[in-house]
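Single-structure report; data block below.
The values are calculated or read from the model by the stated rules, or taken from the named source; none is laboratory data. Please read all numbers here as calculations on a predicted model, not as lab measurements. Here the Cβ positions follow ideal geometry from the backbone for every residue, glycine too, while neighbour counts run over all protein chains shown. Note: areas computed on protein heavy atoms with side chains; ligands, DNA, RNA excluded. Shrake-Rupley method; radii C 1.70, N 1.55, O 1.52, S 1.80 Å.
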Amino acid sequence: AACTNVVGPIRSIYRWQGAVHDDEEWQLIIKTRAALFAAVESAVRASHSYDNPEVLAVPVAAAAHAYGDWVIAATRDGAEVPP
């Protein structure tokens with residue numbers, strides 16, 4: 001990922017295993033390339049406590065050119081990873 005925003009806490013109300021749940025959660029907005037979706041999904045699943053965490057790809061209709069270039073550069077093999 002080029003960047004991840006941690007948003008929360010947020011209130012989530014959802015149906016799961018026959019019951020309605022009302023929980024405090026944190027949402028991650030992970031910016032990466034579509035080609036890396038499977039790797040991001042795998043990393044989220046490996047570290048998440050839920051059996052079925054929400055992992056969605058939301059297509060970008062448009063982005064600032066410089067920002068898009070940065071995301072691509074930051075997600076290339078060998079890109080510097082922050083500590």
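Spin-label pair ALA63-ALA79: with each label point 7 Å from Cα along the Cα-Cβ axis, the two points sit 0.8 nm from one another. In the full protein context, the stretch 1-63 carries 79 Å² of accessible surface per residue, based on a 1.4 Å probe and ignoring ligands, DNA and RNA. Compared with the dominant principal axis of the Cα atoms in the chain, helix 65-74 is inclined by about 80°. With the cut-off at 1.5 for a/c, could you classify the chain from its C-alpha gyration tensor as rounded, prolate or oblate? Prolate. Surface composition of the chain: carbon plus sulfur atoms contribute 56% of the solvent-accessible area (1.4 Å probe, protein chains only, all chains present).
Each of ALA64, TRP16, ILE30 was scored by the projection of its Cα onto the charge dipole of the chain, and the greatest displacement toward the positive side belongs to ALA64; charges sit on the C-beta of Lys, Arg, Asp and Glu. Cα axis of helix 37-47 to longest principal axis of the chain: angle in degrees, 0 to 90, nearest 10? Long axis of 37-47 versus the principal axis of the chain: about 50 degrees. Decide, for the stretch 39-83, between rounded, prolate and oblate: order the square roots of the alpha carbon gyration tensor eigenvalues as a ≥ b ≥ c, take rounded if a/c falls under 1.5, and otherwise choose prolate if a/b is larger than b/c, else oblate. Oblate, because a/c is 1.5 or more while a/b does not exceed b/c.
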